[in-house]
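The values are calculated or read from the model by the stated rules, or taken from the named source; none is laboratory data. In this text, all values refer to a predicted model and were calculated from it rather than measured experimentally. We place every Cβ from the backbone using ideal geometry, glycine too, and count neighbours over all the protein chains shown. Keep in mind that these areas ignore ligands, DNA and RNA; they rest on the heavy atoms of the full protein, side chains included. Shrake-Rupley method; radii C 1.70, N 1.55, O 1.52, S 1.80 Å.
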Amino acid sequence: MKTAVPCYYHLDVDVSHERVGQVRRILAAHLRLWDLEILVEPVCRGAELLLRAIDEHSADKHTSIELWWNGQHLITAIGDNDRDLRPDLDLRACLARIAAMSDGWGCCATDTGSKVIWFSQRARSGERVPRVPRTPGPRLREMLELPREVPAALPDRPADGVLEDAK
């Protein structure tokens, strides 16, 4: 049995209209590197929605983007530093779209007063995911002992394995 390799990526960016497309390409490249091609479009679309909303409504454009892959779920988290940006008012339409296209989502405040908005995408069974082999466990059966004597070659069979008819 093989288990998935956990992956993590962090990106700090100052959001602008031009940077949104660049961030989308960077995230897509990391997802492809992790063999998560199937998740590129929903994850990049959700990140793009949040970054465009932050660009439009936020005074502080500095954001942090994190991706966590645990083998089953990919969690994308985007944190901003603007205390005046309210998810319930400014980001309502954006969050409704993210809720509709993700398997789970949420928003939480940090100790500094900023907020983190996250959403998750589940890798469906049968999708390619990065895998590593596990170390083999101990054998449960005893192995048969090798014979102590090697039997001599049979007399009607040549020792080199070539049949008489083939000559």
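Within the stretch 30-50, can you find the residues that are free of Cβ contacts under 8 Å to residues at least 12 places away in the same chain and out of contact with any helix residue (DSSP H, G or I) (no Cβ under 9 Å at 6 or more places or on another chain)?
Residue satisfying the conditions is LEU33 alone.
Just one of GLU66, GLU48 is under 15 Å from the mean Cα position of the chain (by Cα) and either surrounded by 15 or more Cβ atoms within 10 Å (Cβ to Cβ) or at pLDDT below 90 (or both); which is it?
Step by step, each of GLU66, GLU48 is checked, and only GLU66 is under 15 Å from the mean Cα position of the chain (by Cα) and either surrounded by 15 or more Cβ atoms within 10 Å (Cβ to Cβ) or at pLDDT below 90 (or both).
Just a yes or no: is a residue in the stretch 78-89 surrounded by fewer than 16 Cβ atoms within 10 Å (Cβ to Cβ) and at pLDDT 85 or above?
Checked against the condition, which is being surrounded by fewer than 16 Cβ atoms within 10 Å (Cβ to Cβ) and at pLDDT 85 or above, the stretch 78-89 yields no hits at all.
When the residues of the stretch 19-36 are filtered to those that are open to solvent by 50 Å² or more (accessible area, probe 1.4 Å) and modelled with pLDDT of 90 or more, which remaining residue is nearest to GLY106 (Cα to Cα)?
Selected residue: ARG24.
Among the numbered criteria (1) under 18 Å from the mean Cα position of the chain (by Cα); (2) in contact (Cβ under 8 Å) with a residue 60 or more places away in the chain; (3) assigned to a helix (DSSP H, G or I); (4) under 22 Å from LYS115 (Cβ atoms), which one does TYR8 miss?
With (1) under 18 Å from the mean Cα position of the chain (by Cα); (2) in contact (Cβ under 8 Å) with a residue 60 or more places away in the chain; (3) assigned to a helix (DSSP H, G or I); (4) under 22 Å from LYS115 (Cβ atoms) applied to TYR8, the lone miss is (3).
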